[in-house]
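Notes follow once the structure below has been shown.
Please treat every number below as a calculation from the coordinates, not as lab data. Fair warning: this is a prediction, and the values are worked out from it, not measured in the lab. Note that each Cβ is placed from the backbone with ideal geometry, even for glycine, and that neighbours are counted across all protein chains shown.
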Amino acid sequence: MGQEFSVAIVGGGPAGCTCAYYLQNHFDVTVFDTNSLMFTILKTGGGRCNFSYNEPDFRELVKNYPRGEKFLYSVFSKFSPSDTVDLFNELGIETYTQSDNRMFPKSDSAKEVREKFLKGLNGVKHVKEKVIDIEKSDNGFILKTESSKYFFDKVIFATGGHSGFEMLEKLGIPIVSPKPSLVGYVTEENFGDLAGISLTDVYSEDIKQAGDIIFTHKGVSGPLIYKISSVKAYDEFPYLLSFDLIKDGFSDIQTILDKNSQKLVKTMLSEFLPKHFCDYAAEKLGITDKKCHEINRVKREEISKFVHKFKVKAISTVKDGETVTAGGVDLDYVNPKNMESKVVPNLYFCGEVLNIDGFCGGFNLQNCWSTAYVLSDGLNCK
Ligand SMILES: Cc1cc2nc3c(=O)[nH]c(=O)nc-3n(C[C@H](O)[C@H](O)[C@H](O)COP(=O)(O)OP(=O)(O)OC[C@H]3O[C@@H](n4cnc5c(N)ncnc54)[C@H](O)[C@@H]3O)c2cc1C
């Protein structure tokens, strides 16, 4: 407890601040961030802070991370979602689990989470400067900011998914190229007229899962699209996505047409899909004024294809729209027992700066709490 080592934490988001919390009584801890501490938590979960996902089985939990699955197995065995609840309770934050297993503070307030963390960080120095370079010296590191130079024995990078990679690459740390994830697509098709319309329980042929999609002025978004963007984060654009818009209850189209013979096709379709979308579909299929009994075999096949194999051509992700970054510090060069670099001793990583990212549902913050704890525990026990 003699504070014999000085530790710099670059980045005061959820990962950096959790490290700071656990290290403050053992080391001389300084957090560098131009933002105020825990600022990035404020926008999470639409302001409600979906801080974790209630899944006690690590084998199941890790399946929600397209990158990091194997690495996290040992990390979660040391610090699980229930340990996060204990950490929150220790900080004075009460929590609850929603029916879909997502976890939130009882107050539904990311602001409360931030305030309670800040209260818990009274042994930590905050330097409001951007770190622009890091150099290895004989027995530690020199951190350079725009105005000063500092020396530290140990340095933790918790810079998130958007910056810091060039500095690390200069030090010889292997980086997996960062890509946007949990993000909407810009599409070749113009869905501008449908902007705001959502389709529920749509089945994605690409990831073999169902969910909701929302049309936007630029293309498509929504929970299912976010998940697809995560799974396909490293696929080359453009690519075609295929959706079954009505997986159940629309297989025997002839019977449905017969039953509704005097109705307009678009009216019949609106029993299954939003009216506005059916108007769009009827126009695309050239059957705006057609009644069900007027549909011949060829048109019937076209309708079936439109509904069951709805194609969208993704040409890019929405610029700056990502929730997380895929890629980051290559996990092959990080020790999962203490998050130390295998390339540069005394340099550590936690949170989104690592090549770890999960789906929506609290998985990304859980990565922050868990990797930060394992890192701190490793340092405290050294
Ligand atoms: C809109 C939105 C909503 C989200 N909602 C959720 C949610 O509900 N649940 C969930 O699990 N995840 C959510 N996420 C993802 C989650 O917020 C991130 O995964 C998490 O914040 C990553 O934490 P971090 O500490 O690793 O990095 P960050 O939160 O990105 O923090 C990094 C910090 O480092 C600082 N920094 C960077 N470079 C430097 C430098 N050179 N010098 C000094 N400081 C530096 C930055 O200013 C920043 O404060 C959401 C993300 C977004 C964008």
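Observations on the model:
- Spans of strands (runs of 3 or more DSSP E) in segment 236-349 with at least 1 residues among the small types (Gly, Ala, Ser) and under 39 Å from the mean Cα position of the chain (by Cα): 239-244, 310-317, 324-329
- Summed over segment 110-155, the residues that are away from the ligand (no atom under 11 Å from the Cβ), in a strand (DSSP E or B) and β-branched (Val, Ile, Thr) give a count of 2.
- Qualifying residue in segment 326-337 (condition: free of Cβ contacts under 8 Å to residues at least 60 places away in the same chain, touching a strand residue (DSSP E or B) at 6+ places or on another chain (Cβ under 9 Å) and more than 16 Å from the ligand (Cβ to nearest atom)): yes
- Members of segment 82-105 found to be farther than 18 Å from CYS360 by Cα, in a helix (DSSP H, G or I) and within 15 Å of the ligand (Cβ to nearest atom), listed by number: VAL85, LEU87, PHE88
- Qualifying residue in segment 128-138 (condition: surrounded by fewer than 19 Cβ atoms within 10 Å (Cβ to Cβ) and touching a helix residue (DSSP H, G or I) at 6+ places or on another chain (Cβ under 8 Å)): yes
- Number of positions in segment 350-382 that are in a loop (DSSP other than H, G, I, E, B) and out of contact with any helix residue (DSSP H, G or I) (no Cβ under 6 Å at 6 or more places or on another chain): 4
- Single condition ASP330 does not satisfy, out of (1) in contact with a Gly (Cβ under 8 Å, 6 or more places away or on another chain); (2) within 30 Å of ASN380 (Cα to Cα): (1)
- Among the residues of segment 164-182, the one identified as under 30 Å from ILE213 (Cα atoms) and assigned to a loop (DSSP other than H, G, I, E, B) is LEU182.
- Any hit, segment 359-381, residues being without any contact (Cβ under 8 Å) to a residue 40 or more places away in the chain and either surrounded by fewer than 24 Cβ atoms within 10 Å (Cβ to Cβ) or within 11 Å of the ligand (Cβ to nearest atom) (or both): yes
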